[in-house]
Amino acid sequence: MIKCSKIKYDAIIFSEVKLKKGFPIHLYIIPEYKRYANLRSEEGGGGVIVFIKNDIVVEEQTSLTSGFEKLKLMIFNDNRKLKLLAYYRPPIQTNLNQFLSDLENEISSSNSKTIIVGDININTYSLSLRELSHDMITRQYNEMITSYGFKVINNIPTRLASGKTIDHFITNLHNDHTISNVTLRVDDAISDHCALITSVNYPQATKQITSRIIRNKVDLDLLMDNFEDISSVCDDFKNTDEIVEKITEEIKRAVRLSSRTLSFKIKKSENIKDWASEGLLSMIKEKDKLLMKRRKNHMSKDIQEKLEVMSGKLKKKMKDDFNNFMQQMVKVPDPKKLWRNLNVLLGRTSENTIEVIEEAGKKLKNKKEIANTFNNYFVSCASKLADSLEDDNQDQDVEKLVEKSIVFTTPTSKEIEIIISRLKSNSAAGYDEISAKRKMILNNDKTKCVMFRGSRSRMQLPAMIEIGRGISIARISTFKYLGLQLNEFLKWSEHIKVIERKIASSNAILWKLRYSLPTETKKLIYDTLIQSYISYMIQVWGFANYKELSNLQIMQNKALCNTYNLPNRTNRVEMYTHLVESHLPIRGIAVLNTSCHVYKSLNNQTHTNIIHTEAGATRSNMTLRNNSSLRPVKIRTEMREKSIEFIGPSIFNEIPDEIKRSKHQYEFKWCMRCYLRNENFIGSCFDSSFFKFQLR
């Protein structure tokens, strides 16, 4: 087939070859190809064999596995580095956890381009979407792969007898490479699996930009020679400031005369120019020379061994220099400087500074002149606005106590008719009771209309809503209000996706710096840039369906693992009960904040428009009910079940009385946080069913 085909395959992988280790595998030869194999020790089944073209440099890396076979190869071709993983996993449940753990370790620690192929025996295709969505193994497998930026390329059944896709081609090259895949049926006498033929086209290589990194090195011996004895000179000065100034000038002169400039010509220097030491730059130049020698003689084992040794030293040196740079950035006593450094590390700073402005045809460069120009402009804004307003003798003082919360009430048809008639007659007053005679202009760009309705509603609504005087505003399905994405069906999936996008960059930075920053600094980053987004208004959206919260929960788990240096696939219940201090999962935070809101409402420590009624308030004094319990509102729909009027009392009633009697809100919050960190409650936070958690 290889001879007849016009395609020159770079690699050929066989999975489940059914050969044991004692078999004379040297008989399996493909001309012009090198062979690598990992066979099973016992009789029959399993095993993988990989053939790679002779002109490609390959480095085989050993790895111990149990219950499945794996080949790990590093491929070097045309200045490109590629990791190839070939798997065979038998279709049994006992090896599933070991396989998923090994696969996640490989893809999470991979900084290079990676291709994973083999007979995995996990179905990623099904004619029944319902069957696929209920397959927990497939969901876990797909979520793990996609969370690290990988994708299963083939989507056609590879075993026709069962109609399932159990042979996979997985890679992280799909974003910037063109990948084509063909599933080819072979003779049943050879295999009941289909063959996968995949072509990966690399993008056109761009020329690497080479720049110079300048380092100044001070020769200590020359420094001692150039530093003159100025004790006699200092005797001529009586003023302390003059003596200090003289010593400072002498030190600068000696350092300038004792320094020599070192120039390093480095490719991709933008990534390391801030923290690379002189020793690291010298090692990079030596490695570049070895790479040049290997291109000329890629079959030399001596050069390959030297290159491997140099790569190991360079990796260690780079890690040490980067860690030292990070320690210097975060170990500063000034909190403002610490946050400036953290913003630089997180990529949250902008270098677009204005150094020159033009005013009245004159360019200003001096900082004081620029500041005075801005001050004069803003000072004159008030007087210009006052001059532009027409004089009016009417009393403009309006005093109105505006409530701090917004209350949605259902208007009657009569009220709507009155409001519309007033709008049409230009006599309607706003909520602040400013007369319509003031002729206030409505900003159509910032005024939108959202009509809240049930998800099953089939009502056809107009795109534009007329509000009077010929003014129409656009009707939209989603609007941002007070930091919340309000959906017309009161679904929180869009708001949760916004939170995911906000914390994704911070989570990625935590992963890259998990071994470089101290734990206290990572906790500061987590609390400020991740926990703050999750906690904001979580009483409203935190009780959404588990399907909507699952991706955000995965991101929180990974962020805490990066913060506390926990291994991958750490048990979630154990992590939140013992390993991450007092942090709670998303639903735990929702329960905590909701209970704190109810506590502060009952103790008049916060403003609220929700009235909590005690369960025995309207009953006889002879009742056996607990007088401190609250009565939830009556519910008729699932949407009402998620309202804080029902959730708040339901949660608060299950809290022990000794916690309810806390003296202040901080004591109550701390006691609740400790009370919620039990295995039963933490485990229920990850249950797909709604409101099946138990506080006790």
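Values quoted throughout were computed directly from the atomic coordinates according to the rules given, and no laboratory measurement underlies them. As the structure is a computational prediction, the values presented were derived from the model and not from experiment. Cβ coordinates were reconstructed from backbone atoms using ideal geometry, including for glycine residues, and neighbour counts include every protein chain displayed.
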Phi-derived 3J(HN,Hα) across the stretch 544-551 with the Karplus relation (6.51, -1.76, 1.60, θ = phi - 60°), rounded Hz, x for Gly and Pro, is 5, 4, 4, 4, 6, 8, 4, 5
Students often forget the sequence filter, so: which lysines lie under 25 Å Cα-Cα from Lys337 once same-chain residues fewer than 8 apart are removed? Lys273, Lys319, Lys367, Lys368, Lys502, Lys512, Lys522, Lys523
Note, ³J(HN,Hα) from phi for the stretch 514-522, Karplus 6.51, -1.76, 1.60, rounded to Hz, x at Gly and Pro: 5, 9, 9, 9, x, 4, 4, 5, 5
Could you name the lysines whose alpha carbon sits less than 22 Å from that of Lys53, not counting residues in the same chain fewer than 8 places away? Lys3, Lys6, Lys8, Lys34, Lys70, Lys72, Lys81, Lys83, Lys113, Lys293, Lys296, Lys301
Net charge near Gly542 (other residues with Cβ under 11 Å of its Cβ; Lys, Arg +1; Asp, Glu -1) is +1
Using +1 on the beta carbon of Lys and Arg, -1 on that of Asp and Glu, and nothing else charged, what's the dipole of the stretch 210-345 about the Cα centre, debye to 20? 1720
Just the ratio, please: alpha-carbon radius of gyration of the stretch 11-201 over 2.2 N^0.38 Å, N its number of residues. 1.00
Computed Rg/Rh for the stretch 493-684 (Cα atoms; Rh = Kirkwood radius) stands at 1.01
Which whole-Hz ³J(HN,Hα) couplings does the stretch 459-466 yield from phi under the Karplus relation 6.51 cos²θ - 1.76 cosθ + 1.60, θ = phi - 60°, glycine and proline marked x? 5, 7, 9, x, 6, 10, 10, 8
Highest-first arrangement of 302-308, 147-153, where packing means the average Cβ count within 10 Å: 147-153, 302-308
Just to be sure I understand the model, the point goes 7 Å from the Cα along the line to the Cβ. What's the resulting Ser300 to Gln61 distance in nm? 2.5
Can you give the FRET efficiency to the nearest 0.05 for Trp339 and Asp687, using r as the Cβ-Cβ distance and R₀ = 35 Å? 0.35
Rank the residues Cys194, Cys671 as a footprinting-exposure proxy: fewest other Cβ atoms within 10 Å of their Cβ go first. Cys671, Cys194
Most exposed to least, judged by fewest other Cβ atoms within 10 Å, Tyr666, Tyr87 sort to Tyr666, Tyr87
Pull up all non-local amide H partners of Lys53: gap of 5 or more, or a different chain, and H-to-H distance under 5 Å with H placed in the peptide plane. Lys34
